[in-house]
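The values are calculated or read from the model by the stated rules, or taken from the named source; none is laboratory data. Computed from a predicted structure; not experimentally measured. Please note: Cβ atoms are built from the backbone with ideal geometry, for glycine as well, and neighbour counts cover all protein chains shown.
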Amino acid sequence: MFFFKFFAVLFLGLSLFSCQKEEEEHIDETQDEETITASSPLTGLLLRTSQNPGAYDDIIDGNGCTAVVLPVTVIANGQQVTINSPEDITIIQEIFNLFPNDTDTLEIFFPINLELFDYTQITVNTQAELDALADTCGTNDVEIGCLDFVYPISFFTYNSDQQQTGTVTINNDLELFIFLQNLGPNDFISLDFPISVILEDGTTVEANSNQELQTLIDDCVTNTNNDPIDISQFEEDLTTGVWYVDYFFDDYDETDNYAGYEFTFALDGTAQAVKASVITAGTWALVDNFKFDLFFGTAAPLDELDEDWEILEATAEIITLKHISGDGSTDFLTFSRTPNTGGNNTELNLFIENLITGNWYVNLLEENGTDHTSNFDAYEFTFFGNGSATAVSSGNTINGFWTAEVNSGNLDFIMNFETSTNGDFAALNDDWKVLEATQTIIRLSDVSGGGGGTDYLTFGREPNGGGGLDPQELRDILESGTWYVEKFLDDGNDETSEFNGYDFNFYSNQTVYATNGTEYVYGIWIVTVTGQELNFEFDMDSPINGADDDEYKTLQYTTTSATFITRNSQGEIEDTLIFKKN
């Protein structure tokens, strides 16, 4: 029918030799509803569906209108990565997902080449140029990637200026884009229906008209869910059945505190936590960009859940949440369908407590039998409770992140240090299995990729090659100069302020006095050895006797710092006393 109408127009034009205005009137009169032009809405949708895909690499270029020409080298959270294929882009996301409590950063090695929506290429030399390009990318410029055409497809064509008809067969997206983009104001085209379209869920549907095809594309765009969660599905899963706290981390693993609790949520925003027939009422709501707001009152331990949680994952079987606290640390909460019986966090908490108390040194790094320990001799490592870490030498500071978890019954220690200023730190960035962890040593291993060899890493309290226990060395250090209390934690509570302004002098006769300029306080101190531990007895008079305890153990010391701790019967650290030299 389309060809018949075009040929009729052509025949009339040739036989009657009518003027151009008359020819245009004949075309208008004979245009079929399936005919489209360069300015038709369907043409615009077809162009966006066939344009160069740019959304898959947005984690690199920051916009859906361009695609990075690979390979490209980036630094993701301090780790240098070369992206050779589209599949490699997941490496960046895996690095970002490894530490949810860090700030994800990406640095690109410029210049890079970008392929634009029309398949042409440009060179970008700086991040500022890339950002400016991203700012020009509007919502209506981004590809429509939720469906694909089944090729080949054919178009009937007619040019009213040249009065020519024809047929064009299209075999891929590039050919379709070029064909549509080159349409002129006098070009009229019509699809040879039916055509098949593959939707995002993998199903294939058939379109038999322009209207059906346009509806398919419009519905596809409308139903594409870019929200972090599907609200209706989340509410349905949340309010169906019983949930249990599968994991709760607030500086330490506190999951055991919620053993025996059953949680239910209702559609009206109410909630209940039930344990041993005792019911605690609560509320829930979705607020501020899909945050999950919980409130169960002020009684422990449920009061720890009273936060606006960011939703990391939500399915019918698991809900994973996180919250960044005021001190910068990150809390994690996971609900699952599996009852929590408790008794799983002692080893992990003890490891964390030892790790974040005092400083550490690399005493061994062996990769496939080769010793690389000396690469880290100059660095002192400190791991903080908020998941950050530093490695400090006289001329450089390397920042990083860490996390620890129990995985399939094994304790894992994961590190990620930046590598831009010292590439040696890439050797530490791994998921290490904990072989041994005490207050003085952490021994780790990792099976390498590739060759399958085993790497070994050991942290100790003294620099590589340190001399071990030496009570007289500690005595001599304390007796030289004056000291102040840098930190005093009493059962985890910070009571350092009790010692503000006081300077301490340690004497060889095992006496010590402290003064703040107006008040003088006396006491005793003794360093002894028991087995493989240095004991430090410390006893002061009032008003600074809060740190009195004859059970201090020497965790570590240098010429400018000394860290002492006490432990309870379970081996957990109770008190921490750190002296710093003035």
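Remarks
- Here GLY64, GLY145, GLY54 are screened, and the one residue that is crowded, with 18+ Cβ neighbours inside 10 Å, touching a strand residue (DSSP E or B) at 6+ places or on another chain (Cβ under 9 Å) and part of a loop (DSSP other than H, G, I, E, B) is GLY54.
- Test: residue in segment 6-25 that is among the aliphatic types (A, V, I, L, M), at pLDDT 60 or above and in contact with a helix residue (DSSP H, G or I) (Cβ under 6 Å, 6 or more places away or on another chain): no
- Top-ranked residue of segment 203-222 - restricted to ones that are in a helix (DSSP H, G or I) and in contact (Cβ under 8 Å) with a residue 40 or more places away in the chain, ranked as surrounded by the fewest Cβ atoms within 10 Å (Cβ to Cβ): ASP218
- Qualifying residue in segment 418-426 (condition: touching a residue at least 12 places away in the same chain (Cβ under 8 Å), crowded, with 19+ Cβ neighbours inside 10 Å and over 18 Å from GLY78 (Cα atoms)): no
- The set of residues in segment 540-557 that are within 18 Å of LYS580 (Cα to Cα) and assigned to a strand (DSSP E or B) comprises MET540, TYR552, LYS553, THR554, LEU555, GLN556, TYR557.
- Leading residue by the ranking (surrounded by the most Cβ atoms within 10 Å (Cβ to Cβ)) among those in segment 285-325 that are under 23 Å from the mean Cα position of the chain (by Cα), hydrophobic (A, V, I, L, M, F, W, C) and outside any strand (DSSP E or B): LEU305
- Segment 265-284, residues that are touching a residue at least 24 places away in the same chain (Cβ under 8 Å), farther than 28 Å from ASN407 by Cβ and crowded, with 16+ Cβ neighbours inside 10 Å: PHE265, ALA271, TRP284
- Applying the criterion of being more than 25 Å from the chain's Cα centre (by Cα) and farther than 23 Å from LEU45 by Cα to the residues of segment 127-142, the residue that is surrounded by the most Cβ atoms within 10 Å (Cβ to Cβ) is GLU129.
- Single condition GLN439 does not satisfy, out of (1) touching a helix residue (DSSP H, G or I) at 6+ places or on another chain (Cβ under 8 Å); (2) at pLDDT 90 or above; (3) buried (at least 16 other Cβ atoms within 10 Å of the Cβ): (2)
- Sole exception among (1) without any contact (Cβ under 8 Å) to a residue 40 or more places away in the chain; (2) farther than 29 Å from ASN171 by Cβ for LEU106, by number: (1)
- Matching residues in segment 474-514 - criterion: being assigned to a helix (DSSP H, G or I), of a type outside the set (Val, Ile, Thr) and free of Cβ contacts under 8 Å to residues at least 40 places away in the same chain: ASP476, GLU479, SER497
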